[in-house]
Amino acid sequence: MENIERKFCNSLLNLNIDYYSKIASIANQALNNANQRKKHLEAEKDSITDCKKEFESAKKIS
């Protein structure tokens, strides 16, 4: 009986490890995607800020 219980426990632990690995992998992919998105948004924000400054400069000239 103990051997059977040990096998069940080991099977459950292996399943948890497999799921944990999958979850960790997906979480890492999501984090990488979020970081890339953040970089793109920061670049877009910088571009908008630069354009705004140029428009304000042009407005002062006219």
Problem set entry | Positive dipole terminus of the chain, leading residue within L31, Y19, I4 (C-beta point charges) | L31
Problem set entry | Reachable lysines, given that their alpha-carbon falls under 28 Å from the alpha-carbon of K60 and they are not under 8 places away in the same chain | K45, K52
Exercise. Dipole of the chain, Cα-centred, from +1 at each Lys and Arg C-beta and -1 at each Asp and Glu C-beta, to the nearest 20 debye?
Worked result: 240 debye
Exercise. If Lys and Arg each add +1 and Asp and Glu each add -1, what is the summed charge of the other residues whose beta carbon sits under 13 Å from the beta carbon of N32?
Worked result: +3
For this session: Can you pull a Stokes-Einstein diffusion coefficient for the chain at 4 °C (1.567 mPa s), Rh from Kirkwood over Cα pairs, as a whole number of µm²/s?
Result: 80 µm²/s
Exercise. Straight-line reach from K39: which aspartates and glutamates have Cα under 19 Å away, leaving out those fewer than 8 places along the same chain?
Worked result: D50
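Taken together, the values in this text are just the output of simple stated rules run on the coordinates, not laboratory data. Predicted model only: the values in this text are computed from it and were never measured. Glycine also receives a Cβ, built like all others from the backbone with ideal geometry; neighbour counts cover every protein chain displayed.
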